[in-house]
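Only the coordinates and a few stated rules stand behind these numbers; no lab work does. On a predicted model such as this, the values are computed, not experimentally measured, just so you know. Positions of Cβ are backbone-derived with ideal geometry, glycine not excepted, and every protein chain shown enters the neighbour counts.
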Amino acid sequence: MKSKILDAVGISAAVLCLIHCIAFPLLMIIPFGISHNPYIDLAFLLIGLVVVYRITRTMPHDWLKLLFWTSILLISVSVLADLIFEVHIPLIYAGAAGLITGHMINYKNHKH
């Protein structure tokens, strides 16, 4: 049951992250006077790290663990490149999509 809750939190955070990453560049076009804050991306990354760590500790499927940790790695590279070099790498989109997919598969694999 606890893992189902973690999957729901993970899906929600990954979807919000993906929406943020897609919508924010579009909002930058409109002159609202807002600028990108990479610490929001870092917050999504930290939430994802905690959830993925807690889910994968007892997960029996190695391929699903690999999907989760590869997705976190892609997001980490993108966020760290933005924080350190102020360069946006679109790996964050693939990582968020991977997390959403992994959480949905893991959620469906639960015995109800």
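Structure summary
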{"read-out": "Neighbour-count ranking [beta-carbon atoms within 10 angstrom, fewest first] of 35, 12", "value": "35, 12"}
{"read-out": "Environment charge at residue 51 (Cβ cut-off 15 Å; Lys +1, Arg +1, Asp -1, Glu -1)", "value": "+4"}
{"read-out": "C-alpha long axis of helix 91-109 to longest principal axis of the chain, angle in °", "value": "20"}
{"read-out": "Label corresponding to mean projected area of the Cα convex hull in nm² when calculated from the structure given, among (i) 10.0; (ii) 7.1; (iii) 8.8", "value": "(ii)"}
{"read-out": "Potential extension, residue 59-residue 107 segment - 0.36 nm per residue separation minus Cα distance", "value": "16.1 nm"}
{"read-out": "FRET efficiency, 1/(1 + (r/R0)^6) with R0 22 Å, evaluated for residue 97 and residue 20 via beta carbons", "value": "0.95"}
{"read-out": "Of 21, 44, 88, farthest towards positive along the dipole that unit charges on Lys, Arg, Asp, Glu beta carbons give the chain", "value": "44"}
{"read-out": "Residues 75, 11, 19 arranged by fewest to most Cβ contacts within 10 Å", "value": "19, 11, 75"}
{"read-out": "Helix axis angle, 62-85 relative to the chain longest principal axis, alpha carbon, degrees", "value": "20"}
